[in-house]
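Only one structure is covered here, and it is reproduced in the block below.
The values are calculated or read from the model by the stated rules, or taken from the named source; none is laboratory data. If you're wondering where the values come from, they're calculated on a predicted model, not measured in any experiment. Backbone-built Cβ (ideal geometry, glycine too); neighbour counts: all protein chains shown.
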């Protein structure tokens, strides 16, 4: 059992799934990916519209879409989203019935997403935006470099 004090992301207690793609050496669970991403998420991989709020202390800020895509690459499953405004969704993952959101710590309790109102988001929907696609490719590259 993982030390859930260390893992404060939404669904941490349910993130007991295993990698189906082993392209990233050393990443076999969402917990290991989360640990690595804390050193990989940065200003350049943050959403353009969220850069104003990004800080090293809130390094997951503006990373939901690219993180959800990466999680789907490694663990399979589906991407789901909660509408935050007319044009934006906060995305997270569902893998083998396990719901988890590695970027949820960017929210306070008062503005947390209502996961019960989520809808399935197709990968192609996210990747149709060049800004997301470019940040996703950079995040993958940064993770590969970090893992050696």
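Annotation for region 91-114: at least one member residue is in contact with a strand residue (DSSP E or B) (Cβ under 7 Å, 6 or more places away or on another chain), part of a helix (DSSP H, G or I) and either closer than 19 Å to residue 15 by Cα or touching a residue at least 24 places away in the same chain (Cβ under 8 Å) (or both).
Filter region 65-93 down to residues that are surrounded by fewer than 21 Cβ atoms within 10 Å (Cβ to Cβ) and within 10 Å of the chain's Cα centre (by Cα), then give me how many there are. Count: 1. Where residues in region 101-144 are in contact with a helix residue (DSSP H, G or I) (Cβ under 7 Å, 6 or more places away or on another chain) and more than 18 Å from residue 61 (Cβ to Cβ), which of them is surrounded by the most Cβ atoms within 10 Å (Cβ to Cβ)? Step by step, filter region 101-144, then rank; the result is 140. Scanning region 25-45 for residues that are within 24 Å of residue 95 (Cα to Cα), at pLDDT 95 or above and not in a helix (DSSP H, G or I) yields a count of 4.
Would you mind stating whether residue 82 is in contact with a helix residue (DSSP H, G or I) (Cβ under 7 Å, 6 or more places away or on another chain), at pLDDT 95 or above, within 26 Å of residue 18 (Cα to Cα) and part of a helix (DSSP H, G or I)? Considered against the rule, which asks whether it is in contact with a helix residue (DSSP H, G or I) (Cβ under 7 Å, 6 or more places away or on another chain), at pLDDT 95 or above, within 26 Å of residue 18 (Cα to Cα) and part of a helix (DSSP H, G or I), residue 82 comes out as no. Taking the condition in a loop (DSSP other than H, G, I, E, B) and more than 14 Å from residue 64 (Cα to Cα), does residue 141 pass? Against the criterion (in a loop (DSSP other than H, G, I, E, B) and more than 14 Å from residue 64 (Cα to Cα)), residue 141 does not qualify.
Within region 18-64, the set of residues being surrounded by 21 or more Cβ atoms within 10 Å (Cβ to Cβ), under 17 Å from residue 74 (Cβ atoms) and either without any contact (Cβ under 8 Å) to a residue 24 or more places away in the chain or touching a strand residue (DSSP E or B) at 6+ places or on another chain (Cβ under 7 Å) (or both) comprises 30, 64.
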